[in-house]
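The block underneath contains the structure these notes are about, expressed in structure tokens.
The values are calculated or read from the model by the stated rules, or taken from the named source; none is laboratory data. What you see is a predicted model; the values in this text were computed from it and never measured. Methodologically, a virtual Cβ is constructed for each residue, glycine included, from the backbone with ideal geometry; neighbour enumeration extends over all protein chains shown. SASA here: full protein model, heavy atoms, side chains in, ligands and nucleic acids out. Shrake-Rupley method; radii C 1.70, N 1.55, O 1.52, S 1.80 Å.
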Amino acid sequence: MKMFQPYLWRRCSIRSPALGRMLSRYAMNGGDGPHSYAQNSSYQKGFVDVAKPIIEEEISRKLDIKHLSSTFRIADFGCSTGHNSCAAMQIITEAIRRRFEIEGLISQIPNFYVFFNDKVTNDFNTLFNSLPRERLYGAAGVPGSFHGRRLPKAILDFAYSSCSLHWLSEVPKAVLDNTSPAWNQGKIHYAGARREVCEEYVNQFAKDMESFLDSRAEELVPGGLMALLVPAVPATWDPNSAYTMTTENYLFGTCFMDMAKTDENHQNKRLLLQGRFSKAKVDSFNIPVYFPIPQQFKAIIERNDKYTIERMEVLDNPGKRNLIGPKDRAAYLRAVSEEMLIDHFGSEIIEELFDRYTKKLEASPLFSDPDCDKSIIMFVLLQRKPESYCSAS
């Protein structure tokens with residue numbers, strides 16, 4: 001078994017003029033402590049688990065191994081601290097190796113290299129420490145936003161992204177502008193907001209997805225494959241008997257407005273304590289995530305002429321059953337949002353904020369039953385078209 005030493009690709013020669021506007025400083029909680037992403041990402045692990053047989057099947061059917069070079073390069077865009085990413089990379093590399101073995105081409109099994117990409121503040125140290133000792137690939141960290149180019153042209157044979165593309169490159173500007181019809185006053189997300197707010201989020205998601213797809217098209221070799229797993233929601237669901245990730249964001253947002261209000265001492269009817277922060281502070285903050293419905297996601301993919309769609313389907317996430325109670329759900333949200341919240345509101349509000357959120361989850365029986373979670377996963381496998389075909393189309 002080959003032993004590989006990971007390294008960090010510290011500089012990237014490819015820059016996009018839009019990168020300065022991108023929300024590139026926030027990452028998941030690092031380390032392996034009680035609030036870390038490593039300890040609170042079992043929900044996201046469900047994406048890897050449910051996609052495993054699909055990816056193995058598609059590699060066995062679609063990967064053209066007879067025209068591969070001696071080096072096979074893979075990238076995970078949105079790897080975070082590595083626990084789930086490493087599992088996915090093992091699935092992909094082992095499936096490719098098995099394909100060579102089945103074809104009787106053991107001597108031609110290529111050298112595998114994996115580029116782990118995430119934001120510049122991502123905890124790559126934890127990722128490198130999480131790499132399995134017995135693995136088939138060499139590893140490199142590639143910091144920077146995946147909404148733009150990160151790698152040289154035509155370097156990748158396989159691209160992968162799971163539970164990452166719902167993160168936007170930036171909060172839509174109009175939702176924070178108090179002169180705009182889309183100003184999202186009193187809310188931190190588009191859930192439950194006006195139509196104009198929702199439209200701004202939809203447009204930002206479409207713009208970011210197009211940028212992601214175009215960037216990966218530059219980095220993939222012709223015929224290269226890309227597997228995407230994107231958190232999504234159904235077009236409709238009954239809020240009296242079900243919830244989705246957007247429901248949770250709405251509930252989470254009410255905690256901010258509660259903390260911004262003035263508390264009152266009901267015994268003597270005088271003001272006891274001012275809010276922890278102003279309402280204006282809430283109005284200037286929105287969570288940069290969007291969960292598409294299947295029709296929206298499909299339309300965006302179909303508009304891009306650089307790929308053929310090899311497979312697309314809606315999946316259920318078995319990881320939702322790993323969140324067995326309100327405390328687990330709150331811990332999962334804290335692991336992915338704490339850095340962003342501290343940057344805007346300060347660290348002193350975090351414990352109270354998530355305590356309030358946990359109590360609100362506990363107050364609703366819906367959130368104690370994972371089967372009430374109707375959130376879905378959009379899976380798509382794309383193949384890069386030849387350059388000449390793209391130009392002609």
Legend entry - At R0 = 56 Å, FRET efficiency that the Cβ-Cβ distance of A154 and K261 yields, to 0.05: 0.50
Inset, instruction - Using R₀ = 56 Å, calculate the FRET efficiency as 1/(1 + (r/R₀)^6) where r is the Cβ-Cβ separation of S241 and N129; round to 0.05. - result: 0.85
Inset, instruction - Kindly rank 343-350, 68-75, 158-165 from highest to lowest mean number of other beta carbons found within 10 Å of each residue. - result: 158-165, 68-75, 343-350
Inset, instruction - Considering only N240, N184, N84, give the residue with the highest GNM mean-square fluctuation for the chain, with springs between Cα atoms whenever their separation is below 10 Å. - result: N240
Legend entry - Estimated 222 nm signal from helices in the chain, with DSSP H stretches of n ≥ 4 weighted -39500 (n - 2.57), rounded to 500: -12000 deg cm²/dmol
Inset, instruction - Could you check the simple spin-label distance between D371 and A87, using points 7 Å along Cα→Cβ, in nm with one decimal? - result: 2.3 nm
Inset, instruction - Only Cα pairs under 8 Å and at least 6 apart count here; give the relative contact order of the chain as a rounded whole percent. - result: 22 percent
Inset, instruction - Report Rg (one decimal) and Dmax (nearest whole number) for the range 235-386, counting Cα atoms only, units Å. - result: 19.7, 75
Legend entry - Theoretical gain in end-to-end length, E352 to T254 [0.36 nm per residue, Cα-Cα removed]: 34.0 nm
Legend entry - Label-point separation, I106 to I65 (7 Å along Cα→Cβ), nm: 1.2 nm
Legend entry - Phi to ³J(HN,Hα) by Karplus 6.51 cos²θ - 1.76 cosθ + 1.60 over the range 145-152, Hz, x for Gly, Pro: 5, 7, 6, x, 5, 10, 10, x
Legend entry - Largest-first ordering by accessible area, 1.4 Å probe, given options M312, M378: M312, M378
Inset, instruction - Find the all-direction average of the projected area of the Cα convex hull for the range 178-225, expressing the result in square nanometres with one decimal place. - result: 4.7 nm²
Legend entry - Whole-number accessible area per residue in Å² for the range 73-224, which is evaluated in the context of all protein chains at 1.4 Å: 36 Å²
Inset, instruction - Only one of the values (i) 26, 57, 15, 2, 0; (ii) 28, 60, 12, 0; (iii) 17, 27, 21, 19, 14, 3, 0 was calculated from this structure for P(r) over Cα pairs in 20 Å bins from 0, in percent; name its label. - result: (i)
Legend entry - Within the chain, percent of DSSP bridges classed antiparallel, to nearest 5: 45 percent
Legend entry - Computed label-point distance, nm, for sites S278 and V120 using a 7 Å Cα→Cβ extension: 3.0 nm
Inset, instruction - Have a look at Q90, Q295, Q204 and tell me which one the Gaussian network model of the chain (Cα, springs below 10 Å) gives the largest fluctuation. - result: Q295
Legend entry - Candidates A232, A299, A331, ranked by Gaussian network fluctuation over the chain, Cα under 10 Å, top entry: A299
Inset, instruction - Mark the label point 7 Å from the Cα of Q295 along Cα→Cβ and return the residues of the range 198-239 whose backbone N is within less than 19 Å of it. - result: 198-207, 232-239
Legend entry - Contour minus Cα-Cα distance for R194 and D343 (0.36 nm per residue): 51.0 nm
